[in-house]
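Take a look at the structure set out below.
The values are calculated or read from the model by the stated rules, or taken from the named source; none is laboratory data. Everything numeric in this text was worked out from a predicted model, so none of it was measured. Here Cβ is always computed from backbone atoms with ideal geometry, including for glycine, and neighbour counts include all displayed protein chains. In case anyone asks, the SASA skips ligands and DNA or RNA and just uses the protein heavy atoms, side chains included. Shrake-Rupley method; radii C 1.70, N 1.55, O 1.52, S 1.80 Å.
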Amino acid sequence: MIQPHEPSLLSDENQFGPAASQMVREQLADRGIDDPRVLEGMRRVPRHIFLHFTLWARAYEDVALPTLHGQTISQPYMVASMTQLLAAAPEHRVLEIGTGSGYQTMILALLAREVVSVEREPELAQQARLTLQQFDVNNVSIHVGDGSLGHPPAAPYDRILVTAGSPDVPQALLDQLADGGRMVIPVGDRKSQTLLAIDRNGEKLTRRTATECRFVPLVGEQGWPAGSEG
């Protein structure tokens, strides 16, 4: 069984290993991603496995690619940037909002003790579960629900990563962030957002901006209303 903190996960090494190494070197390291755990995770997790086989030839390009239900798998640089900003440690429990294909979920699973992921679309959640099962990942639980409300039964969380754009920071997620914790979330309108890092120190919240970005909308009670995905 593959243990979550021993990232020996790259399948089809002969075919895709060089492409993954080139992706890490040229798209990530050369552009300022310098956390060795993030770089190793990005190299070892097989991005092509999370895509339809017709897109495998483009799997290691620095572009977002389509998945089911109008969702996307983010470009590698954005995944690495958000992951580095989140700064998940081996003892941390992470809440991920927006499981999607499960690619970001697996990266987090390599870095943290536990990942709780919430996905709005049941079909996406099930497909991500099946994909992660291929690697015997044993520190992830995926739940179907309204991501803007988080997952209160397992709160609080040391880290919260939101992979969809929100009109504001959902209060429900702030309430589930542990003291000393950090949330990374894109906030803005439906077409463009600013990536925020929010740190909690007791009742004090410190916000800082990271970069401009564009994600699919966070749909839910404390996000965008249903029907605003376009």
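If A125 satisfies all but one of (1) closer than 26 Å to Q176 by Cα; (2) open to solvent by less than 10 Å² (accessible area, probe 1.4 Å); (3) touching a Phe, Trp or Tyr at 6+ places or on another chain (Cβ under 9 Å), what's the number of the condition it fails?
That leaves (3) as the condition not met.
Go through P167, P186 for me and flag whichever is free of Cβ contacts under 8 Å to residues at least 60 places away in the same chain and open to solvent by 30 Å² or more (accessible area, probe 1.4 Å).
On the way: P186 fails: open to solvent by 30 Å² or more (accessible area, probe 1.4 Å).
On inspection, the qualifying residue turns out to be P167.
Give the residue, chosen from P152, P225, P156, that is open to solvent by 60 Å² or more (accessible area, probe 1.4 Å), free of Cβ contacts under 8 Å to residues at least 24 places away in the same chain and of a type outside the set (S, T, N, Q).
Working: P152 fails: free of Cβ contacts under 8 Å to residues at least 24 places away in the same chain; P156 fails: free of Cβ contacts under 8 Å to residues at least 24 places away in the same chain.
Going through P152, P225, P156 in turn, the sole match is P225.
Which of the following residues is open to solvent by 40 Å² or more (accessible area, probe 1.4 Å) and at pLDDT 95 or above: T194, T206? Break it down stepwise before answering.
Details: T194 fails: open to solvent by 40 Å² or more (accessible area, probe 1.4 Å).
Of the residues listed, the single one that is open to solvent by 40 Å² or more (accessible area, probe 1.4 Å) and at pLDDT 95 or above is T206.
Please go through region 210-221 and give me each residue that is modelled with pLDDT of 95 or more and open to solvent by 60 Å² or more (accessible area, probe 1.4 Å), ordered by number.
Once the filter is applied, which keeps residues that are modelled with pLDDT of 95 or more and open to solvent by 60 Å² or more (accessible area, probe 1.4 Å), region 210-221 yields only E221.
Against the condition closer than 23 Å to V216 by Cα, assigned to a loop (DSSP other than H, G, I, E, B) and open to solvent by 20 Å² or more (accessible area, probe 1.4 Å), how does D136 come out, does it pass?
Values: closer than 23 Å to V216 by Cα: no; assigned to a loop (DSSP other than H, G, I, E, B): yes; open to solvent by 20 Å² or more (accessible area, probe 1.4 Å): yes.
So D136 does not fit the description; no.
Within region 56-102, count every residue that is among the small types (G, A, S), under 15 Å from F215 (Cβ atoms) and surrounded by fewer than 19 Cβ atoms within 10 Å (Cβ to Cβ).
Final tally of qualifying residues: 2.
If you check every pair at least six apart or on different chains, which have Cβ atoms under 9 Å apart with a residue in region 69-96 that is under 15 Å from R182 (Cβ atoms) first and a residue that is aromatic (F, W, Y) second?
Note: pairs meeting the criteria are H92/Y157; R93/Y157; V94/Y157; L95/Y157.
Specify which of the listed residues (T105, T131) is assigned to a helix (DSSP H, G or I), open to solvent by less than 50 Å² (accessible area, probe 1.4 Å) and at pLDDT below 95. If you could, list the steps in order and put the result at the bottom.
Numbers: T105 fails: at pLDDT below 95.
None of the others qualify; the one that does is T131.
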